[in-house]
1. Per DSSP H run of n ≥ 4, the term is -39500 (n - 2.57); total these for the chain, divide by its residue number, and report the mean residue ellipticity at 222 nm rounded to 500 deg cm²/dmol.
2. Taking the mean number of other Cβ atoms within 10 Å as a proxy for protection, how do you rank 421-430, 537-546, 489-498, 49-58 from highest to lowest?
3. Could you run the Karplus curve 6.51 cos²θ - 1.76 cosθ + 1.60 with θ = phi - 60° over region 89-102 and give me ³J(HN,Hα) per residue in whole Hz, x for Gly and Pro?
4. Report ³J(HN,Hα) in whole Hz for each residue of region 514-526, in order, from the Karplus equation J = 6.51 cos²θ - 1.76 cosθ + 1.60 where θ = phi - 60°; Gly and Pro get x.
5. Size of the dipole of the chain about the Cα centre, Lys and Arg at +1 and Asp and Glu at -1 on the beta carbon, nothing else charged, in debye to 20?
6. So, counting K/R as plus one and D/E as minus one, what does the shell of residues with Cβ under 10 Å around S474 add up to?
7. Between S569 and Q354, what is the spin-label point distance in nm, taking each point 7 Å from the Cα along the Cα→C-beta axis?
8. About its Cα centre, how strong a charge dipole does region 156-322 have in debye, to the nearest 20, once Lys and Arg get +1 and Asp and Glu get -1 at the Cβ?
Amino acid sequence: MKNLQAARVFENIAALMEISGESPFKVNAYRNAANTFASLTDDLEQLAARGELRSIPGVGEAIEKKTLEILETGTCGLYERLKQQFPLTILELLDLPGVGARTVRALYEGLGVDSLEALEKAARAGRVRQLPRMGAKAEQRILESIERLRARPSGIPIARALPLAEALATRMQGVPGVLQAVPAGGVRRFAELVPRVTVAVVSADPQEALQAFLREAGGTILESGPERAAVRLSGGEEAECFVGRPENAGAVLIRATGSEAHLHRLEALAAEMGYSFEGVTLLNPRGESLSCPDEESFYSALGMSPVPPELREDGGEVEAALKENLPALIQTSDLKGDLHAHTVFSDGSGTLEQMAEAARRLGYEYLAITDHSQALTVARGLTPERLSEQGRLIDAFNASGTDIRLLKGVEVDIRPDGSLDLPDESLAALDWVVASIHSHFALSRQEMTERAVRALSSPYVHVQAHPTGRLIGSRDPHALDVDALIEAAARAGKALEINSYPERLDLSAENARKAADAGVKIVVSTDSHHPAHLPKVSYGIGTARRAGLTAGDVLNTLPLDALLEWARSRR
Ligand SMILES: [Zn+2]
Ligand SMILES: [Zn+2]
């Protein structure tokens, strides 16, 4: 399984090219390939063997050639040449909040700084401030960034771990004797960062299945059997597989899904009843294996209702399950529409019609078109004129007898002072207004909080999107008092978004729970920039479920009329 290895090589190529000052066009081609490979749920080696690499969007002749080289040798000529130009440790510097490729090059050329450690030394010695366009303040900021980077939680972001787990599970489904193979572990619980990628396998021949896992996954063997195997993949990530027989399928899935804390509670409950839950079997007092062909029968044997995977963190779910008092978590099928989507009018790549068709195929009643506003020039943000032009096209589309309703909307930029990037008249003409922060991230916590709170006080704003701006594993949240924002949303009767972009998942489950507890409605939206992004709402739903949300907590479970009524009544 070399998907992430190939992704890593292309990612590093893009970053090294960026540092060396290559054209953004070239850099983006490699970066896009990296992102595509990392989110692929097919096995790259199998695609290559079938000669189908070019069927992957964005893979042309050059990328195909290099991919084949990487699959064969683990590297490619271009990568090796770039590594002679810069040591690989220089890439650590790009992870620093607020440090871009140009700064990294200046640090390298000016001071020979080629790693995080070297940078820290140089900054502490006061050498960074001597560089052109640097100063004592910039140097201090760099030291703070290093602190923050070191404090960042580690793990594989779910945006990478889940597709990889799916690809591994798919390969295992093809193994003779395997009856069931599914992603498990942290990705099944929808943890944002996972220590390793996990699959759970049910097979009539567990030993053969484990051997097959070791073959299919490749890499270095860390552990091998009898119920679990683990490897270090060629990309550096750890992958593991739990295997059991069909009569133990429930125990296998539960063991493989975790969490540790949840499993400890189950083990203790089993012990109280004279049972024992060991490895992938539940044993009765005589030491005989209790049949539990699915998770329901396992939980039922312990006298509890089945716990949804997303809640298995020992956060009160065991008590609730014992009292059969678990919440009815929201499901993807509860959604009636998506309230955040971009088109070719700004930085999306689908037309109104293509986006509408993709939403219709998901069975939605409505889709809000929310392109960027004028301040976001890099995304061709809309002026009031282009926004009303788009509005006329949406009216015409809706009048054409289609069974999906497009809502006229916008994702309006929140300026540094909290005012909005479009005049009130423009916003008043819309069905749906999303407000968000895309610039000036370096404000103080107080300034950022006042900015976000002020935006919600506009009578035209319905929801604030990706409220903290974090990217899981790569960008910290803004300095922002989330509790104050939640309080302001509750006061103003405004919604907050769970952005389903797999790298964002913002609000996080934890913050979404707080918001719902404060009575704030949640919108689970995709922020789609392509028709194919709309189904990724499953990531937002996973996050909402982890937050314990029900359909009633989520605004876009409302049918069209009720949603429009809610939107109108905000003004
Ligand atoms: Zn945005
Ligand atoms: Zn957006």
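1. Calculated at 222 nm, the ellipticity per residue is -13000 deg cm²/dmol.
2. Packing proxy ranking, top to bottom: 537-546, 489-498, 421-430, 49-58.
3. Couplings: 4, 5, 5, 4, 5, 5, 6, 5, x, x, 10, x, 4, 5 Hz.
4. For region 514-526, the Karplus curve yields 4, 4, 4, 4, 7, x, 7, 6, 10, 10, 9, 10, 9 Hz.
5. The dipole magnitude comes to about 1360 debye.
6. Here the count lands on 0.
7. Computed distance between label sites S569 and Q354 equals 3.8 nm.
8. The dipole magnitude comes to about 420 debye.
All of the numbers you see were taken from the coordinates with simple rules; none came from a lab. Remember, predicted model here, so these are calculated numbers, not experimental data. Counting neighbours? That spans all protein chains shown, and the Cβs are built from the backbone with ideal geometry, glycine included.
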